[in-house]
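A short reminder: the numbers here are calculations on the coordinates, not readings from a lab. Bear in mind the structure is a predicted one, so any value in this text is a computation, not a measurement. Every residue, glycine among them, receives a Cβ derived from its backbone with ideal geometry; neighbour counts consider all protein chains shown.
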Amino acid sequence: MSQKVLVIEDSTTSAKVLSKVITQAGFKPVWASSLIQARHIFDHSMPEEFLCALVDYHLPDAPNGESIDFTIDAYIPTIVVTGREDEDTRSHILSKKVVDYFTKGNSQVYDYLGRLLRRLQKNRQIGILVVEDSRVERNAILALLQRHNFITYSASNAEEAVKQVAAHDNIKLLITENDLPDISGIKMVDSLRQNFKKEDLAIIGIAHQGKPGISAGFIKSGANDYLITPYCHEEFFCRVIQNIEYIENINAIHKAANTDYLTGLPNRRYFFTRVNALLQSKPAFMSLALMDIDYFKNINDTYGHDGGDEILKAIAALLLEESAEYQVARLGGEEFCVFMPNVELSEATDILEIFRQKVEALRISFGKDVLQCTLSIGVTDQYNGNIDDMLQRTDKYLYQAKELGRNLLVSDKQQLKA
């Protein structure tokens, strides 16, 4: 069920536009035309049901932003909508604990709003660490981040900060002051960069106005960005979001390069990169399986490539579910591979035979049809220092399974029939 977004807006036209933006972003709009009606909605709903609230600054029963206080007091992230563009209104809005604000009528702003809503949802999984000696300054930054739904962590010195980063792998951004009690923030950044690349952990250094050498020092030591105090909270959030999205974009590029686009499984290149890395640990034994969908050409000829794609995706999903602790991949076409470090042949054949049976039992809805398929599997545990030789052996056993009638598993030591 889609999470709700509360819209408090007296203009029917504006409410329709906002509701459309909310729906397109993947959320459910709940409209109130007045503050009284919004209070009534909360009599029948829990604040936790709402991702955020879009609140009109000027309402007939709340002409000076009183509705903003209502949603903030309910601990709902609040985005303000206003038709006013004067500096007094802007200052009044920003004096409150709002996520952001925008003026009506600009189409580009509505595009920004859609991205902001999706951002608020994503932020619930992202950790940000604030490193600041002053408790007052530290808590002020944490409060800003919490408005945007980030998971927040804090440290008062460099040693504690390094421990926090090591302990929480969801920390994607670190914001640090330079004047720390043990070592400088600049030295801490330099130390962190020995283990964390910019695309793994973004770092923003905070420098005081009039000290340009500090901001330059942060950048030279490996920080992604810097902020000069005093800064407005709009600039603060722009810098934070920009650096979080940098990491997400790099990760998306890596995923696209390493993932099969159809099934979501690792692709051939990434599979062998990971397997070779796992082999560096020199496992005492290992098993490798190559599997192929039987009569796949007939499936494509009968149901078209869309039908074949549905079967590929269903098998991939089952493979991920059943082999989460192993390295799996779609090698290409209808072939899949599983590398099982520290798994002896007898155990591997038992696991893979169960998987073969589960594939045979699959029933995949495709329009008015129900699709079925079977697998032929070759398995080996013979490793002579070359993974390609191991793969050739599984390919030989796979061919034997096809020759023996398909829907079979053939290994170094045994042949299991359906």
*Return the aspartates and glutamates within reach of Lys122: Cα separation strictly under 12 angstrom, same-chain partners fewer than 8 residues apart disregarded; answer none if there are no such residues.*
Glu245, Glu248
*Highest-MSF residue in the chain out of Gly304, Gly378, Gly367 [GNM, Cα springs under 10 Å]*: Gly367
*Given Gly222, Cys52, Leu279, which one lies farthest toward the positive end of the charge dipole of the chain, if we put +1 on the Cβ of every Lys and Arg and -1 on the Cβ of every Asp and Glu?*
Leu279
*Nearest 0.05, what FRET efficiency do Ile354 and Lys413 give at R0 = 22 Å with Cβ-Cβ as r?*
0.80
*With each run of n ≥ 4 DSSP H residues scored as -39500 (n - 2.57), what mean residue ellipticity at 222 nm is computed for the chain after dividing by its residue count and rounding to the nearest 500 deg cm²/dmol?*
-15000 deg cm²/dmol
*By average Cβ neighbour count within 10 Å, what is the ranking of 167-173, 117-123, 201-207, 128-134 from highest down?*
201-207, 128-134, 117-123, 167-173
*Which label in (1) 4, 17, 28, 25, 14, 8, 3, 0; (2) 4, 19, 28, 28, 16, 3, 0; (3) 4, 17, 19, 17, 18, 15, 8, 1, 0 gives the computed P(r) over Cα pairs in 10 Å bins from 0, in percent*: (3)
*In the range 126-257, how many lysine pairs have Cα atoms under 13 Å apart, counting only pairs 8 or more places apart or on different chains?*
4
*Where Cα atoms sit under 20 Å apart: lysine pairs in the range 4-121 separated by 8 or more or lying on different chains*: 8
*In what order do Val99, Val30 fall by count of nearby beta-carbon atoms within 10 Å, going from fewest to most?*
Val30, Val99
_Qualifying trypsin sites (Lys or Arg not before Pro) for the range 326-418 [loop in DSSP, other Cβ within 10 Å: at most 12]_ = Arg363, Lys368, Lys413, Lys417
*Once Rh for the range 134-288 is found with the Kirkwood sum over Cα pairs, what is the Stokes-Einstein diffusion coefficient at 10 °C and 1.306 mPa s, in µm²/s?*
90
*So what is the relative contact order of the range 238-370, in percent, for Cα pairs below 8 Å that sit 6 or more residues apart?*
30
_Need the full-extension length gain, Lys96 to Asn276, defined as separation in residues times 0.36 nm minus the C-alpha distance. One decimal, nm._
59.4 nm
*Which whole-number percentage describes the relative contact order of the chain, with Cα contacts under 8 Å and a sequence gap of 6 or more?*
8
*In the range 29-122, which GluC sites (Glu not before Pro) are in a loop and have at most 14 other Cβ atoms within 10 Å, using DSSP for the loop call?*
Glu85
*Mean separation of Cα pairs under 8 Å and 6+ residues apart, divided by the residue count of the range 179-268: what relative contact order is that in percent?*
25
*Which FRET efficiency, nearest 0.05, do Thr374 and Ile219 yield, Cβ-Cβ r, R0 41 Å?*
0.10
*asked:* For a test of the definition: using alpha carbon positions, the gyration tensor, and the 1.5 limit on a/c, classify the range 199-294 as rounded, prolate or oblate.
replied: prolate
_Cα centroid separation, the range 218-261 to the range 1-28 (Å)_ = 29
*Taking 0.36 nm per intervening residue step and subtracting the Cα-Cα distance, what contour gain separates Asp133 from Asn298 on full extension?*
52.6 nm
*Counting DSSP beta bridges in the chain, what percent are antiparallel, to the nearest 5?*
40
*Is the range 4-121 rounded, prolate or oblate when judged by the Cα gyration tensor, a ≥ b ≥ c being the square roots of its eigenvalues, rounded requiring a/c under 1.5 and prolate requiring a/b larger than b/c?*
rounded
*asked:* Could you give the length gained by full extension between Glu344 and Glu49, i.e. 0.36 nm per residue of separation minus their alpha carbon distance, to one decimal place?
replied: 101.3 nm
*Distant alpha-carbon pairs in the range 90-200 (separation over 23 angstrom), percent*: 39
